[in-house]
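Working notes, beginning with the structure itself.
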Amino acid sequence: MPETTRPRRRRIRRAVIAGTTALTLAAGGGSAWALDRFVVDHVEISDVAAYEAAQSTGTDASAVSTGGTVTGTSYTSDGASVELSTVVTGSGDSTVTYYVADVTLTDATVLRSAFANNQFGTNIIDETSDIAEQNGAVFAVNGDYYGFRDTGIVIRNGVVYRDEGARQGLAFYRDGTVRVYDETATTAAELVADGVWNTLSFGPAIVEDGEVVDGIEDVEIDTNVGNHSIQGDQPRTAVGVVDDNHLVFVVVDGRSPGYSEGVTLTELAAIMQDLGATTAYNLDGGGSSTLYFDGEVVNDPLGKGAERGTSDILYIAG
């Protein structure tokens, strides 16, 4: 049986790992193009908070503190509850360590998204903990790293930012339902009209109707340079749906023999099934996989006491 323990708590050393930079500098004659495409910031909206305020009404316009209380590894408020736990399985170099956040919402819009540096565009990054702190989060996980690509449907906090359907997405609705959908079969405007509050564009879906999805080990999210494959034992982040307004978030550490080797997508799906998820969706993983709670990073994103920059988070304000 897996060993369940309280989450380890640590203050992560600040270090953005610029792996893409190293890759593109080695690209020879194409390095200038690659740097522009994958490294240089391209800001489309310079003040997201102001943009959302102009597009939204009422409490949709800004993060709302849920005014709760943290007790150890639990958070409780009128708007949300979060319970953290740590699970360790295996032994030796086959050890796997993952962190679970069981989240219940009384209002689905309490789960919000935030962008790095309060800006929208490509290649804009900051560490998950910094984005969380800037938005008053008590709980946060990394999102889908929308800023690595220029495709996908991006709806955040009820506001449309991008409408370039390309892959299987995940939609969070205002009524608390969460659904996997085909981005190419709809539009952002139609989704908002139907009550979508947030979307994620990464994937794949790993559990549907309570069953592990076939073929997930063969999926490629992106085919551009530096991000061909998400297969094998990797650090992972995923969200699962237990019921309306009842979610589970899982962050798996990896690439650290003896502490945590990571998991495959099929193993991640099995974890979500064991937690009662009938739907589960894979988010950006690798060094991006980060769980933040009550002012600290709970996991060890890179196995080195450091975080990697990302473009966005999902969070609950404290």
Point to revise | Beta bridges per DSSP with both ends in the stretch 173-318, % antiparallel, nearest 5 | key: 100
Exercise for review: First check a/c for the stretch 3-317, with a ≥ b ≥ c the square roots of the eigenvalues of its C-alpha gyration tensor; if it is under 1.5, answer rounded, and if not, answer prolate when a/b is larger than b/c or oblate otherwise.
Suggested key: rounded
Check your understanding: Dipole of the chain, Cα-centred, from +1 at each Lys and Arg C-beta and -1 at each Asp and Glu C-beta, to the nearest 20 debye?
Key -> 1060
**Study point:** Among 208-221, 160-173, the order from most to least packed when residues are scored by Cβ within 10 Å on average
**Key:** 160-173, 208-221
Study note, to complete from the structure: Note: VAL70 to GLU211 extended length (0.36 nm per residue) minus current alpha-carbon separation gives 47.3 nm
Point to revise | Per-residue Cβ neighbour rank within 10 angstrom, fewest leading, ASP126, ASP93, ASP41, ASP294 | key: ASP93, ASP41, ASP294, ASP126
Practice item. Please give, to one decimal in nm, the separation of the simple spin-label points placed at VAL43 and SER56, each 7 Å out from Cα toward the Cβ. Key: 2.1
Practice item. Could you check the simple spin-label distance between ALA193 and ARG174, using points 7 Å along Cα→Cβ, in nm with one decimal? Key: 1.5
Point to revise | Cβ-based charge dipole, the chain, positive-most Cα from LEU283, VAL250, GLN134 | key: GLN134
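Here, each number is a calculation from the coordinates, and none is a lab measurement. Please read all numbers here as calculations on a predicted model, not as lab measurements. As a convention, Cβ positions derive from the backbone with ideal geometry for all residues, glycine included, and neighbour counts pool all protein chains shown.
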